[in-house]
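Laboratory data are not the source of any read-out in this text; all were calculated from the coordinates shown. This one's a predicted model, so the numbers in the text were calculated from it and none came from an experiment. Here the Cβ positions follow ideal geometry from the backbone for every residue, glycine too, while neighbour counts run over all protein chains shown.
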Amino acid sequence: MTDVQAVKDALRLQRIELPSWAFGNSGTRFKVFAQRGVPRNPYEKIADAAQVHAFTGVAPSVALHIPWDRVDDFAHLAKHADSFGMRIGAINSNVFQDDDYMLGSVTNPDPRVRRKATDHLLECVDIMDATGSRDLKLWFSDGTNYPGQDDTLERQERLAVALAEVYARLGDHQRFLLEYKLFEPAFYTMDVPDWGTALVHCLALGPKATVVVDTGHHAPGTNIEFIVAMLLRAGKLGGFDFNSRFYADDDLMVGSADPFQLFRIMWEVRRGGGLDPALGVAFMLDQCHNIEPKIAAQIRSVMNVQEATAKALSVDSEELAAAQRNADVLGANGVMMDAYNTDVRPLLAELRVEMGLDPDPIAAYKRSGYLDGIVAERVGGAPAGWGA
Ligand code: LRH
Ligand code: MN
């Protein structure tokens, strides 16, 4: 029997970090649809993120993206966040939007460009010092489009040099999360295409170098939960960029395209001890709400992670282990499917009430009238998006 109180206690401790860029306008190369009431600066993004925390109780931090969230005084921005009961989480570097980076950033054949890119990464650590952030998230759009375009091994050496310099700059309580991605914007090679490449670079550096699993960055059909289990086993799972996809890096709401996959991932997280906050696994969302209302979509996304986690916590692990030991294939699979088919929504609603929250976060948010307020208030100024 599932120990309901133990499930609730674990869910109460879970923390889900929100991406500042999810509150701004986003889209595809075909169109970025502007929505009304969109924040115009990081201060307003944090105010919107605070709404997600206010109604879910488990999302007290916002990841920033530099330069999209550049401000004159990051310590002041951190105080602003604190005034909303929020804190600034991971700092995301951006070496993918400058013309100099056409042939790569830290892997670029031109040492001047490599220096420029590395200096940006180091500046992001300066920002972490000001915001009190622990995590630097490193994603490189670096890669090639045609065989022969550049030397694969030489590019790996250049990457290793930059990572080592950043690693040496990290403070005692800081670390970086190296993000891999199979393709896009490069279409022949990406210099960090998969978990193996990311892991090899991190193992070469030390304990402050970890790997982040963006659930949209794999080839179709990839068993992502196996990768999660292996990274936990190696002590190198720094965190997740949660989203979901039907085809490519669609950045849709986590769990919306494949809730069963998210359940399987959260089972391996639980099995590998990753739900223990002491292990430091960062559960971050990395999504774009191109057509749906952004704050409500972030609330829904947090709820989707909670539901997958509650289902994973409902797996009768002793019964499962016994069935596995007895080579009872159907029995073991049945234990997993019983948990997955458990409706955990009543338990989560109960927990929210015990946490002093409304059992239905989205309905409560809609009743708050917050969206009407920001639509009326945020007139003029440039709405935030994927541009500095
Ligand atoms: C790259 C990525 C990365 C972020 C960006 C917003 O696809 O997943 O994590 O920098 O999206
Ligand atoms: Mn990502």
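Observations on the model:
Matching residues to (1) out of contact with any helix residue (DSSP H, G or I) (no Cβ under 9 Å at 6 or more places or on another chain); (2) farther than 20 Å from residue 281 by Cβ; (3) surrounded by 13 or more Cβ atoms within 10 Å (Cβ to Cβ); (4) hydrophobic (A, V, I, L, M, F, W, C):
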{"position": "133", "(1), (2), (3), (4)": "no, no, yes, no"}
{"position": "136", "(1), (2), (3), (4)": "no, no, yes, yes"}
{"position": "158", "(1), (2), (3), (4)": "no, yes, yes, no"}
{"position": "182", "(1), (2), (3), (4)": "yes, yes, yes, yes"}
{"position": "189", "(1), (2), (3), (4)": "no, yes, yes, no"}
{"position": "201", "(1), (2), (3), (4)": "no, no, yes, no"}
{"position": "204", "(1), (2), (3), (4)": "no, yes, no, yes"}
{"position": "219", "(1), (2), (3), (4)": "yes, yes, no, yes"}
{"position": "223", "(1), (2), (3), (4)": "no, no, yes, no"}
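- Single unsatisfied condition, residue 286 versus (1) surrounded by 22 or more Cβ atoms within 10 Å (Cβ to Cβ); (2) among the acidic types (Asp, Glu); (3) in contact with a helix residue (DSSP H, G or I) (Cβ under 6 Å, 6 or more places away or on another chain): (3)
- All told, residue 21 falls short of being more than 21 Å from residue 364 (Cβ to Cβ), in a loop (DSSP other than H, G, I, E, B) and within 16 Å of ligand 2 (Cβ to nearest atom).
- Only one of the listed residues (228, 211, 269) is outside any loop (DSSP other than H, G, I, E, B), within 16 Å of ligand 1 (Cβ to nearest atom) and either in contact with a helix residue (DSSP H, G or I) (Cβ under 6 Å, 6 or more places away or on another chain) or of a type in the set (Val, Ile, Thr) (or both). That residue is 211.
- Where strands (runs of 3 or more DSSP E) sit wholly within segment 32-148, none has at least 3 residues that are more than 16 Å from ligand 2 (Cβ to nearest atom) and of a type outside the set (A, V, I, L, M).
- In segment 11-32 there is at least one residue that is within 20 Å of residue 383 (Cα to Cα), of a type in the set (A, V, I, L, M) and buried (at least 21 other Cβ atoms within 10 Å of the Cβ).
- Members of segment 237-255 found to be without any contact (Cβ under 8 Å) to a residue 60 or more places away in the chain, surrounded by fewer than 19 Cβ atoms within 10 Å (Cβ to Cβ) and either more than 15 Å from the chain's Cα centre (by Cα) or away from ligand 1 (no atom under 16 Å from the Cβ) (or both), listed by number: 246, 247
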